[in-house]
Amino acid sequence: MVIVRVEHVWKDYMLGNQTVHALQDVSLVVAPGRFLAIAGPSGSGKTTLLNLIGCIDTPTKGDIFIGEENVGRKSPDDLADLRARTLGFVFQTFNLLPVLTAAENVEFPLLQRKDISRRERLARTRHYLDVVGLADKMTHRPNELSGGQRQRVAIARALAGGPAIILADEPTANLDSRTGESILGLMKEINESERTTFIFSTHDFRIMEMADRVVSVADGRLSS
């Protein structure tokens, strides 16, 4: 079974009058339940690839499948629905709304889901804040939390929608070493207990060591 399939994908950008090939003929298959690291230096194309898998961007050429769905054939509304139901995102800058509490930040994306009742939203919010060890911080706003706690809120938010895939872009970059290791351990526990697929964009060797598969990107080309 395959949860992500990238087939001969190219991504080009215009820089002035010059075409930049951010990705060149990239193919990748990801099985469910993987803890996968896409590794490479800055500018290698790893974040571009993560954004394509996350349906945040579209390829110039080639196809991307999430499950059996070809995302290149979907409308913007369909892609938004796919992201809401299937994909969760964790960013290096946390991306929490400062005026909302931890609980409200976790609940916020669920407000777009008409299939989830208010009771279930609250239940999911409580459950996943408990999963990440923040049951006692539900009413705290981001400025009342440490960097590691903010990232835990971001992980709870990503999990609350019940995604099959969590995409994490340099999730330890703004954390100290000890906190980063704690966050990685938490993600690995969730990966193993809930069989959620994790795909990282990273140059953090700790993530690479913990991953069950590492693929390397250099100059827009993939090697495994």
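Tabulated data
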{"item": "Region 73-201: C-alpha gyration tensor shape, a/c 1.5 cut-off, then a/b vs b/c", "result": "oblate"}
{"item": "Gain on full stretching of the segment that runs from Glu104 to Gln18 - 0.36 nm per residue minus C-alpha separation", "result": "26.5 nm"}
{"item": "Prolate/oblate/rounded label for region 1-85 (Cα gyration tensor, a/c 1.5)", "result": "oblate"}
{"item": "Shape call, region 162-224: gyration tensor on alpha carbons, a/c limit 1.5", "result": "oblate"}
{"item": "Inter-centroid distance (Cα atoms) of region 101-149 relative to region 1-35, Å", "result": "32 Å"}
{"item": "Sites Met1 and Arg118 - FRET efficiency at Förster radius 35 Å, r taken between beta-carbons, to 0.05", "result": "0.55"}
{"item": "Fraction of beta bridges assigned by DSSP in the chain that are antiparallel (%, nearest 5)", "result": "50 percent"}
{"item": "Two-site label geometry, Asn143 and Arg178: point separation in nm, points 7 Å out along Cα→Cβ", "result": "2.7 nm"}
{"item": "Packing-based order for 97-110, 42-55, using average beta carbon neighbours within 10 Å, highest first", "result": "42-55, 97-110"}
{"item": "Rel. contact order, % - alpha carbon contacts under 8 angstrom, at least six apart, region 107-200", "result": "28 percent"}
{"item": "Net length gained if the chain between Phe205 and His127 were fully extended (0.36 nm per residue, minus Cα distance)", "result": "25.0 nm"}
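Read the figures in this text as sums done on the coordinates, not as results from a lab. Every value quoted in this text rests on a predicted model; they were computed, and no experiment measured them. Quick reminder, even Gly has a Cβ in these numbers, built from the backbone with ideal geometry, and neighbours come from all protein chains shown.
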